[in-house]
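Q: One structure is given below, represented as structure tokens, and several questions about it will come after.
Read-outs throughout are calculated quantities, based only on the coordinates presented, and are distinct from any laboratory measurement. As the structure is a computational prediction, the values presented were derived from the model and not from experiment. Positions of Cβ are backbone-derived with ideal geometry, glycine not excepted, and every protein chain shown enters the neighbour counts.
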Amino acid sequence: MNDARTPRRPWRTGPLALVATACIIPDKDIAVEGVFTNPGAVRIVERIPVGEDADLACAERSDKATVCPQVPTAASLPSGWIPTPLCVCPDGASDGSAFGEVRVYAEDPDVDDDGGPKDDLFGALLLDFDPFQHEPFERVAYRNLLQPDRPAERVVSSEYQNVFGRTDPQLRFFRIVGPAGIVDLCNDNEGNKIEPGIHSLKLVVTDRPWFTPVLRDEDGNPVIDPDTNEPVLLPQQVGHPDLAAGATYDTVSWVFSCGEGEECACTSTEP
């Protein structure tokens, strides 16, 4: 019940009133262009600890599996802290603790009309990436270990194909390794050494080619090439998933330490 002694407050006419009333104006003439062609998101997958009871339960669930479906163990490097003591070595020497080929597995369930993988998967390594300070393309590193324009390879045979309750996840893997067959994080970032200390390494995986921006004029309109009548494209920004093209993405990270000094196990690479 209103109290007659309580004066009514006048309607606000300042900025708050504009904010409060702006939301009632309907949007008109919105047209969705194209169709959504990427229903399955890319996902990085790793092995997880599974006990004997779980394996027995999985074996009872399927006549195809004797253990719970897992990605292969070959050359896997669990995310998180890399416990191997790595070192920055003098010129002409490599790290004796450098490890061999690393494989990172990813799935993308989208298939073509023949039942094969529909989307190519691409990956890029980012060194010491800080999203508050850097654009991803500024921190792309170790192209000698993983080429960002090289699609992931198909896993031809794997116990992970026998997953329960869903179709073949179309498992792929990224092969991270240098020409010499090793991964020397402290001494071979495209031939360069990195500073001693703690570093982070992030792998970005996407199911579309990397984002390629369009050249725009001072008014923000795309610049059109008069010969092709197509927008002029700027260099591709590796590490940026092309969300506007329907890309999905996933990431996995490691942290490692580069030491230096007499305690380092450096081996000479000179003849």
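Q: Gaussian network model of the chain, Cα springs within a sub-10 Å range: biggest mean-square fluctuation belongs to which of 132, 256, 164?
A: The residue that fluctuates most here is 132.
Q: Hey, what's the Cα Rg ratio for the range 29-142 versus the globular rule of thumb, 2.2 N^0.38 Å?
A: In units of the globular-protein estimate, the range 29-142 measures up at 1.56.
Q: Could you size up the charge dipole of the range 40-152 around its Cα centre, putting +1 on the beta carbon of Lys and Arg and -1 on that of Asp and Glu, and report it in debye to the nearest 20?
A: Dipole magnitude for the range 40-152 comes out near 300 debye.
Q: May I pose another question? In a Gaussian network model over the chain where Cα atoms closer than 10 Å are linked, find which of 84, 212, 228 has the largest mean-square fluctuation.
A: 228
Q: As a test of the definition: which semi-axes, in Å, follow for the range 70-126 when you take the square root of five times each eigenvalue of its alpha carbon gyration tensor? Largest first, please.
A: Working: eigenvalues 239, 37, 20 Å².
Each semi-axis is √(5λ); the values are 35, 14, 10 Å.
Q: Can I ask one more? Angle check, please: helix 52-61 long axis (alpha carbons) against the longest principal axis of the chain (alpha carbons), in degrees 0 to 90, nearest 10.
A: Once rounded, the angle reads 70 degrees.
Q: How large is the dipole of the chain about the Cα centre if only Lys and Arg carry +1 and Asp and Glu carry -1, each at its Cβ, rounded to the nearest 20 debye?
A: 1300
Q: May I pose another question? Mind putting a number on the dipole of the range 135-251 about its Cα centre? Charges go on the C-beta only, +1 for Lys and Arg and -1 for Asp and Glu, and I need it in Debye to the nearest 20. Write down the numbers at each step before the final one.
A: Values: 11 positive and 19 negative charges, 136 e Å.
So the magnitude is around 660 debye.
Q: At 10 °C and 1.306 mPa s, what whole-number value in µm²/s does Stokes-Einstein give for the translational diffusion of the range 148-261, with Rh from the Kirkwood sum over Cα pairs?
A: Calculated translational D: 87 µm²/s.
Q: Ordered by residue, what ³J(HN,Hα) values in Hz, to whole numbers, does the range 84-93 give under the Karplus form 6.51 cos²θ - 1.76 cosθ + 1.60, where θ = phi - 60° and Gly and Pro are x?
A: 4, x, 9, 9, 8, 9, x, 4, x, 9
Q: Thinking of the chain as a set of Cα atoms, what percent of all their pairs are more than 27 Å apart?
A: On the way: 21054 of 36585 pairs.
Within the chain, distances greater than 27 Å cover 58 percent of Cα pairs.
Q: Determine, from the Cβ-Cβ distance of residue 53 and residue 156 and an R0 of 35 Å, the FRET efficiency 1/(1 + (r/R0)^6), rounded to the nearest 0.05. List each step's numbers first, then the result.
A: Working: r = 31 Å, r/R0 = 0.87.
With R0 = 35 Å, the Cβ-Cβ based efficiency is 0.70.
Q: Hey, what do the phi angles of the range 200-205 turn into as Karplus ³J(HN,Hα) couplings, whole Hz, using 6.51/-1.76/1.60 and θ = phi - 60°, x for Gly and Pro?
A: 10, 9, 10, 9, 9, 10
Q: Shifting gears a bit: Normalising by the residue count of the chain, find the relative contact order in percent from Cα pairs under 8 Å and 6+ residues apart.
A: Relative contact order, the chain: 25 percent.
Q: Now for a separate question. Taking amide H atoms as placed 1.01 Å from N in the peptide plane, list the residues 5 or more away in sequence, or in a different chain, whose amide H sits under 5 Å from that of residue 93.
A: Distant-sequence amide H within range of residue 93: 269.
Q: Net charge around residue 240, counting only other residues with Cβ within less than 15 Å of its Cβ (Lys, Arg = +1; Asp, Glu = -1)?
A: -3
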